[in-house]
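The values are calculated or read from the model by the stated rules, or taken from the named source; none is laboratory data. As the structure is a computational prediction, the values presented were derived from the model and not from experiment. Here Cβ is always computed from backbone atoms with ideal geometry, including for glycine, and neighbour counts include all displayed protein chains.
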Amino acid sequence: MAMDAYSWQAVSSLAVLCERLRSEKLLVASELENLQLLNEQIDAEQTLLAQLSWIGTHQQEILSRLVNSHPSVVPENCCLLNAQLDAARFVEAYQRIDAHHYSALTSIFNLLLTSPRSVAELLSCADDLSKETDGANEDLVRCVFNFVYGCCVFPSDERRVLEVLSHLVHMQVASDVDPRRVLRKGSAAFCRLYRLFSDGLFAAKIFLTAALHDPVMYVLSQDELFLDIDPSKSAIRFPPEERRKRFGEDENSLTYLQKLTAHRRVIESKLIAISTRFVQGVMQAMNCFPQSLGWLVRELHATLIERKKVTAEQASLICTDLIFTYLICPAVANPETLGVICDTPVTYIARFNLMQVGQILQTLALAPFEQPPSHLAYFYSHFEQNPMARVVQRVLECSRTSLDKMFVASSADSHGSDQLVRRFFAGTFVELNCLHSALRSVAPDRLTDSNIRRELRAMMRRLPARFDTPTSPNRASETKTEQRMRSLATKQEQDVVRNSSLSPSRPRNSTLRTLADRVQSAAQRGQQRLRSQHSSGAGISLQDEANSSNIEVLMFPLGDTREPLGLCCEDKFMESVRQPLTSRKHKTSDGAAEKRTRFLDIESLGMSDRATDAGSDEDEGASLCSSMDGNGDALEDDGEDVSTLPDNFSDVGLISANVSGPDHQVLVDLRRSAVEIRRIRRVPALNIKVIRLHPHVEQQLCIKRICQVCR
């Protein structure tokens, strides 16, 4: 009875254990599935964010050109351009570009992304070349900002652009005899990139909206009169008929002058009241001033002081230009382009008044360094303490911090890598050709890093002179030429193979080289057939898209494939768990070359037979394989090498120590098969340690090892 009770208790405990293990397995499987779904959702949202940012940046460019009366954008075609951007199709670049060109372009983009100094040198050299040829460098800067740095939406891209701007400060601004003239002219790569960076920076939009939204809306509601700063232009704003009604017939009469003076006082009082609103808005929003722009302003100020080409006062004046001339005043004049207002029309009179207010703010900021003009001195006298000068002073007084402290990874994995990063480069064929032409020029020859210069030149030699869209006639003719050349090369390869089969004394290396060439040509022909099938099946749609001028955006992969957050593989997890044990073992070791046993029990192989109660033998074998690989480092600490073992131990990696009967015969047959395959395929001996395993599991592992050798 006691034995029965003990057996019943043991069976009951085993049943409870099995039930708990089963519940734990279901819970782990459910959590893994949820983690995988969350990672897929994050990837989809990040991809959508990058696509929307690309579209939004180009639409903002269209709006800016429309407001500034650019000849390429007029009211008649702006809606069409926006519709084309909304209908842009994002496709993988390998679908439109040959495989070897695709690989080279991906390497070039990743190389430029990780080399901010090289990008700055390229832009600076391109500026020098454009001065020699009287050309413009605006398109190249815009392509680099949009294509390489993804419109600067993610924090990692924001940091890289700041590094590029910091290098450009040393190369273009601080090295010039008159640094302020470089900023005033606005044609340098630093000025163009800074304008794109500040216009697209989300923190800058928050600051400008908080500072300027209410004052701008007030100006839009007061658009009855032209608020001229210059007194001589107050009367000519009215048509002749209305001017006679307001001021009188005779312009030299006393009544005319009195009425004009009264009208001028109304304009001045309104300008002072409006400017006061803007000054108060800017001062109250200084807590929202972008940290990135503040870091760049302090970096510029410190660099100018270190170079000793300008005084401290002149350095502060240049920083004032950087804040007001390039950030605040353009936002005052064109508030809709930077998101200060939305869905509110800006009339011609209101925009003129906003420009007048921008001039007053700029005069107030520059007043400590320059004497205000005569027509602006009256307005300056009404602001005694000059609060605009304190804006730059407040930015410069902040302590200088490093970029590492500013950009701390907000969502990092177990290895410390940031997960909130961009996953691809995006750009059209036009942007690709613009960047490609810059890299084909002499600008890369002036890079200071010899390794990057050598890699760029090596990869550029693999690229064509220009990338044409697949629907263009040039691209079609090139494709036909490539087909003829490939067919000719295929015939030559077949002749070579036929001749090699007739001559048995051909060396083995040349045979392998011919075999590799045949495999590569077959892969190219298969890819070509897939492309031809795709183009024939979608020929009408491609023609319709060409007729409607739809935009295709090419996507290139960025960096290496990242491990999903929370889904670490078993090998890495076991390695991370084993690292503290390994370090502790090395600390307690006395340094003697003592021999440890080569046999491991089941517990040292991991949690394989405690992981699940319903796993198959194949799953168990796979788990033991991964556990064995995870313990490879511990086994490699042994003093003896595997070559000291008998040959039958090195032929097949896993040999049972206590196996007899049919199982032993199966293992012997498997070992002989492995030896024969290795002799035929000339595969070296497998350097794997001996582990005590269950016979059936060992058979499964031996079969898997043989399959790996056969591959």
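At-a-glance table
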quantity: Residue list for the range 69-94, filter: in contact (Cβ under 8 Å) with a residue 60 or more places away in the chain and either more than 30 Å from residue 463 (Cβ to Cβ) or surrounded by 14 or more Cβ atoms within 10 Å (Cβ to Cβ) (or both); calculated: 84, 85, 88, 90, 93
quantity: Residue that is under 45 Å from the mean Cα position of the chain (by Cα) and in the same structural domain as residue 377 (by TED's automatic domain parsing), where the choices are 267, 274, 236, 229; calculated: 274
quantity: Residue match in the range 262-280 (condition: farther than 30 Å from residue 320 by Cα, of a type in the set (Gly, Ala, Ser), touching a helix residue (DSSP H, G or I) at 6+ places or on another chain (Cβ under 9 Å) and free of Cβ contacts under 8 Å to residues at least 24 places away in the same chain); calculated: no
quantity: Selection within the range 373-391 - crowded, with 17+ Cβ neighbours inside 10 Å and farther than 23 Å from residue 225 by Cα; calculated: 383, 388, 389, 391
quantity: Residue within the range 37-44 that is among the small types (Gly, Ala, Ser), under 19 Å from the mean Cα position of the chain (by Cα) and part of a helix (DSSP H, G or I) present; calculated: yes
quantity: Matching residues in the range 359-384 - criterion: being closer than 14 Å to residue 282 by Cβ and out of contact with any Phe, Trp or Tyr (no Cβ under 9 Å at 6 or more places or on another chain); calculated: 383
quantity: Residue 140 being modelled with pLDDT of 90 or more and assigned to a helix (DSSP H, G or I); calculated: yes
quantity: Hits in the range 400-413 (condition: at pLDDT 80 or above and either of a type in the set (Phe, Trp, Tyr) or over 15 Å from residue 293 (Cβ atoms) (or both)); calculated: 402, 404, 405, 407
quantity: Helices (runs of 4 or more DSSP H) wholly inside the range 147-265 containing at least 3 residues that are of a type outside the set (S, T, N, Q) and closer than 30 Å to residue 47 by Cα; calculated: 155-168, 189-200, 202-221
quantity: Residue count, the range 338-349 (criterion: surrounded by fewer than 19 Cβ atoms within 10 Å (Cβ to Cβ) and either in contact with a Gly (Cβ under 7 Å, 6 or more places away or on another chain) or assigned to a helix (DSSP H, G or I) (or both)); calculated: 2
quantity: Scan of the range 239-255 for residues that are under 59 Å from the mean Cα position of the chain (by Cα) and surrounded by 15 or more Cβ atoms within 10 Å (Cβ to Cβ), ordered by number; calculated: 243
quantity: The range 281-320, residues that are among the β-branched types (Val, Ile, Thr), outside any helix (DSSP H, G or I) and free of Cβ contacts under 8 Å to residues at least 24 places away in the same chain; calculated: 311
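This table checks each residue for (1) closer than 18 Å to residue 389 by Cβ; (2) touching a Cys at 6+ places or on another chain (Cβ under 6 Å); (3) surrounded by 14 or more Cβ atoms within 10 Å (Cβ to Cβ); (4) at pLDDT 90 or above.
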| position | (1), (2), (3), (4) |
| --- | --- |
| 264 | no, no, yes, no |
| 281 | yes, no, yes, yes |
| 302 | no, no, yes, yes |
| 332 | yes, no, yes, yes |
